[in-house]
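Structure first, then comments.
The values are calculated or read from the model by the stated rules, or taken from the named source; none is laboratory data. Just so we're clear, the structure is a prediction, and the values are computed from it rather than from any experiment. Using ideal geometry, Cβ is built from the backbone for each residue, glycine included, and neighbour counts are taken over all protein chains shown.
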Amino acid sequence: MMRRILLPSILLLLGYGFWVSPDFKEIASGVAIFLFGMLAMEQGFQAFTGGALERTLKKTTNRLWKSLAFGAVTTTIMQSSSLVSVITISFLSAELISLAGGIGIIFGANLGTTTGAWLVAGFGLKVKLSSYAMPILVFGVILIFQRSKVLHGIGYVLAGVGFLFLGIHFMKEGFEAFKQGIDLTSYAVTGYPGLFLFVAIGIVATVVMQSSHATLVLVITALAAGQVSYENALALAIGSNVGTTITAILGALSSNVQGKRLAGAHLIFNMVTGLIAIAAIGQIVVLVDWLSTLLGIAADDYTLKLAIFHTVFNSLGIAIMTPFIPRLVRGLEHWMPAPAPVFERPKYLNEASLDFADAAIEAVRKESVRLYDKTVEIIVHGVGLRRRDVFGEEPLEDLDGTGAAEFEEGIQERYEQSIKSIYALILEFISRAQAGMEPENAEDMYAIRTAGRGLLESVKGVKHLQKNMRVHLLSENPAIRSAYEEIRQRIGYVLREVEAVRQAGEDRLAILSLNDAKVAIKQEDAEANLKLDDLVRGDLIPATTATSLVNDYRYAYRICKRVIELGQVAFAVHDGGLRDAQRRLALDEEEIEAMIEHGVIR
Amino acid sequence: MKTRRLVQKIKEFLSADRRAQIKRAGVLKDVLKKLEKKEARLKEKLDREKDAARRREILRKLEVLRAQRKKGVKLQKELADLPSGRSSR
């Protein structure tokens, strides 16, 4: 509810602001262009992820000083500590770097971000940035149109820099015009209440803009225009430093526990640094004044002094916190423990049934039924179908196009958690039970083991099939769409057939009935391939899609075959003799192929 | 001679293999009967079915069933022809 109201309210407020004040409009558009520049830069750096960048990342974070330097340098180059922290979270989530290394980068990024203040304070407000922005933008856009991935990336980075500069220019212009209107300094609050108030404003502004850089630029430009007092500007800088962690926290929301730990470290570091800065603000200001005199900065050049302040308090934070990194890592690992992987346990495999062959076979069979159910679940949702449709009364042909957007994500994870773990324990159970078993019983065990192994293949097949199916089920080309719909129907048909056999009860001829399903899928696979040849010859589908289809037919065929095989084992009758008789009567691969080839099956 | 044949008959009767063989033949007969019934049901279904695709599916099922039955009958014959005491495995 809040979410629904929030965005329209912000838009309305902004609209009203634009209508009332053209200066506000200029500042806001400056912020917008600045943020857009950041987005473009992020897009540009994405072109360099993978390969060389990852290798460099590993090499440059294996020592604490290296990761600190890496964080500082990359943030200086990218001019965004948020971007560096979010990228670091993603690398940490991918286990490319250690948590301590990640924390080092975050600490370094806090130092690196201070260069932004220097750039704007020392360079941005004295030079007409817009004069640089335009040529950079032009070069950037030209490079964006290049085919080469590297040039394309550089283009985005340049365009990003161009927009950043342009944004700063607009914000500066806006504040300068503002100066004639209202004097913000008259609202200045002194002392600790003012400090806390402006720290809070700094936090809120940074959270809203998602960039401490943008806040700092605003603060510096406002300070240069005399819109805020020096004292309050310092408090805003402290606030922006705390508020900037919001991007990392948001980024960590979708990451694993390692990413969350890093975001936690980021928050702790910036909060502690902020508290130190608040507590020792008097001493830090004296230090800043001393440094300014040493560097030959005029006593009233508050913008440069703010840059020094920003650097000093962040350096102080790093100096104080760095020795505690190992303790911080331990603490974070303790507070945010990695969730223990949830592996399914078998339900029917128990020690007692190991002593009797029949009991052992029955336990394994029941467990294989569970395994079958779990696999079916993955397959159904993996190909974007719904259980109620697959096992319902509606003809499968009527399900065309339904559920295309409901594909199951995380197939691998589900496979690891439920199927693989159960199958591993079934295997172990079988090998223990088989010792000293009669050959007939051992044969049953072998059949279950083989069918279970086929599941590996079917789940893998679903994973591969899903990639193309997702795209092609929404294709504009009806021939492609219908080919993938047919694949889904075929899978649905097999699942339905197996379910029918399951429901048939003790009188069932599971092995023989499903033998027919095997014939059906073989025949349909052959027909689909023939149809595909016609489609390619008739230029109805491109050759590249045809290649994908050939592979996907193969995957679908294997999925169906493995499902049938497990169904034959899991839902076979309890009577060993009856099972054996059915196995002898079932048609083998050669016999099926011969039937299709000789046209017995049409 | 007569005594020897009688002993042989008793031996066969007591032999586990022979008993398994007899049991197997019985089960096979049972399965074939079930298949026969299933075939009859499918034929009825085929007569009622008007939809071409469904008819084709039933026809395929019938063909597979016939092939399975053919295999079963052959196996039945083999079992009957086997010298007593030997399994068809």
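Structural remarks
- Whichever residue in the stretch A:161-194 is over 44 Å from the mean Cα position of the chain (by Cα) and among the small types (Gly, Ala, Ser) and, among such residues, is modelled with the highest pLDDT: A:191
Residue-wise test of (1) crowded, with 18+ Cβ neighbours inside 10 Å; (2) modelled with pLDDT of 85 or more; (3) β-branched (Val, Ile, Thr).
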| site | (1), (2), (3) |
| --- | --- |
| A:386 | no, no, no |
| A:418 | yes, no, no |
| A:426 | yes, yes, yes |
| A:436 | no, no, no |
| A:440 | no, no, no |
| A:456 | no, no, no |
| A:460 | no, yes, no |
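For (1) crowded, with 23+ Cβ neighbours inside 10 Å; (2) farther than 25 Å from residue B:68 by Cβ; (3) within 11 Å of another protein chain (Cβ to nearest Cβ); (4) of a type in the set (Asp, Glu), each residue gets a yes or a no:
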site: A:491; (1), (2), (3), (4): yes, no, no, no
site: A:523; (1), (2), (3), (4): no, no, yes, no
site: A:539; (1), (2), (3), (4): no, yes, no, yes
site: A:543; (1), (2), (3), (4): no, yes, no, no
site: A:547; (1), (2), (3), (4): no, yes, no, no
site: A:550; (1), (2), (3), (4): no, yes, no, no
site: A:577; (1), (2), (3), (4): no, no, yes, no
site: A:581; (1), (2), (3), (4): yes, no, yes, no
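Residues are listed down the side, and each one gets a yes or a no for (1) among the aliphatic types (A, V, I, L, M); (2) in contact with a strand residue (DSSP E or B) (Cβ under 7 Å, 6 or more places away or on another chain); (3) touching a residue at least 60 places away in the same chain (Cβ under 8 Å):
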site	(1), (2), (3)
A:308	yes, no, no
A:313	no, no, yes
A:328	yes, no, yes
A:371	yes, no, yes
A:376	yes, no, yes
A:384	no, no, yes
A:390	yes, no, yes
A:394	no, no, no
A:397	no, no, yes
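- Per-region count, the stretch A:265-279, residues in contact (Cβ under 8 Å) with a residue 12 or more places away in the chain and surrounded by fewer than 22 Cβ atoms within 10 Å (Cβ to Cβ): 6
- The listed residues are A:200, A:248, and the only one of them that is farther than 20 Å from residue A:102 by Cα and under 32 Å from the mean Cα position of the chain (by Cα) turns out to be A:200.
- Residues of the stretch B:53-75 that are more than 7 Å from chain A (Cβ to nearest Cβ), crowded, with 16+ Cβ neighbours inside 10 Å and at pLDDT below 90: B:57 alone.
- Hits in the stretch A:470-488 (condition: surrounded by fewer than 21 Cβ atoms within 10 Å (Cβ to Cβ) and either within 14 Å of chain B (Cβ to nearest Cβ) or not in a helix (DSSP H, G or I) (or both)): A:474, A:475, A:476, A:477, A:486
- Residue identified as at the interface with chain A (Cβ under 10 Å from one of its Cβ atoms), touching a residue at least 12 places away in the same chain (Cβ under 8 Å) and out of contact with any Cys (no Cβ under 8 Å at 6 or more places or on another chain) among B:23, B:34, B:43, B:38: B:38
- Only listed residue being more than 37 Å from the chain's Cα centre (by Cα) and not aliphatic (A, V, I, L, M), chosen from A:489, A:582: A:582
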